[in-house]
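Notes for the one structure printed next.
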């Protein structure tokens, strides 16, 4: 454990570069599309986009770049949301096909200003990608939609391969980490409904370094398994600006290794990506495909499961 404001050496990373990175960025700008990779200044952007060791992955952020909520860890702007772009689902599907991504992560800002939370728009984007190329694996990182079960079911019915929703932190720290409209039990209920209503794999992510205790992380892993979560990731919280939640501690990489082992070996998660620089979508495609192969299943099996859940 290291406390204080100075980042330790293990948190240093090189800026993304390379022809593949530049190509993807240009394609996104041409279509006025947003990625959470860029909006959150993710340190793994170049690595994931390049897909040097596996499927290329990018995380598209739907429904604009301004959020209706104000979480104290997040750098996305709050308020002033624009109307939904009706062309966005098709534009995302076209960009995915042109870039040649094998695995796509779709996420979004919260849109509490919309009656359905934007769930229909989200679902249409999933379907648009699958219509263009049914072989592309789609992971969705969804909001809680205010706990609306019909909104969650719309995502399930669209047939993604993975549905993720982040609990972000342990129960005690939900506030001040998250917006007060979010909550631990509400997030567990979202993940539980996906598990009960489909065979789609579920996933969540926690930030470490915000003041959590080890026994709270351990209890959270148990709670997640109780609602059927298959995949969990751990990463270090990094303060986006002086106006955001301060870092309580910089967690040593060895601690992340311990949590990976606990999650996979003791709790039986399908896989756990855990490390200081890991983010929710870190190498999502590569790790998911590897996990499928370890289970004796192919990525095609995952696609069949998604189609059986209601996809096109």
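If you go through segment 207-228 one residue at a time, do you hit one that is assigned to a helix (DSSP H, G or I), under 23 Å from residue 78 (Cβ atoms) and at pLDDT 95 or above? Within segment 207-228, not a single residue is assigned to a helix (DSSP H, G or I), under 23 Å from residue 78 (Cβ atoms) and at pLDDT 95 or above. Screening segment 152-175 for residues that are within 21 Å of residue 281 (Cβ to Cβ) and either out of contact with any helix residue (DSSP H, G or I) (no Cβ under 9 Å at 6 or more places or on another chain) or without any contact (Cβ under 8 Å) to a residue 40 or more places away in the chain (or both) and picking the one that is surrounded by the fewest Cβ atoms within 10 Å (Cβ to Cβ) gives 155.
Okay, residues lined up against (1) more than 26 Å from residue 274 (Cβ to Cβ); (2) in a strand (DSSP E or B); (3) at pLDDT 90 or above:
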| position | (1), (2), (3) |
| --- | --- |
| 41 | no, no, no |
| 48 | no, no, no |
| 58 | no, yes, no |
| 75 | no, no, no |
| 94 | yes, no, yes |
| 107 | no, yes, yes |
| 112 | yes, no, yes |
| 123 | yes, no, yes |
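Scanning segment 260-285 for residues that are surrounded by fewer than 21 Cβ atoms within 10 Å (Cβ to Cβ) and either in a helix (DSSP H, G or I) or at pLDDT 95 or above (or both) yields 260, 261, 262, 264, 265, 266, 267, 268. Against the test of being at pLDDT 75 or above, surrounded by fewer than 21 Cβ atoms within 10 Å (Cβ to Cβ) and not in a loop (DSSP other than H, G, I, E, B), the options 257, 246, 301 yield a single qualifying residue, 257. For segment 192-203, a residue qualifies if it is under 17 Å from residue 280 (Cα atoms) and touching a helix residue (DSSP H, G or I) at 6+ places or on another chain (Cβ under 7 Å), and exactly one does: 202.
The values are calculated or read from the model by the stated rules, or taken from the named source; none is laboratory data. Since we're looking at a predicted model, the values are computed, not measured. Cβ atoms come from the backbone with ideal geometry, glycine included; neighbour counts cover every protein chain shown.
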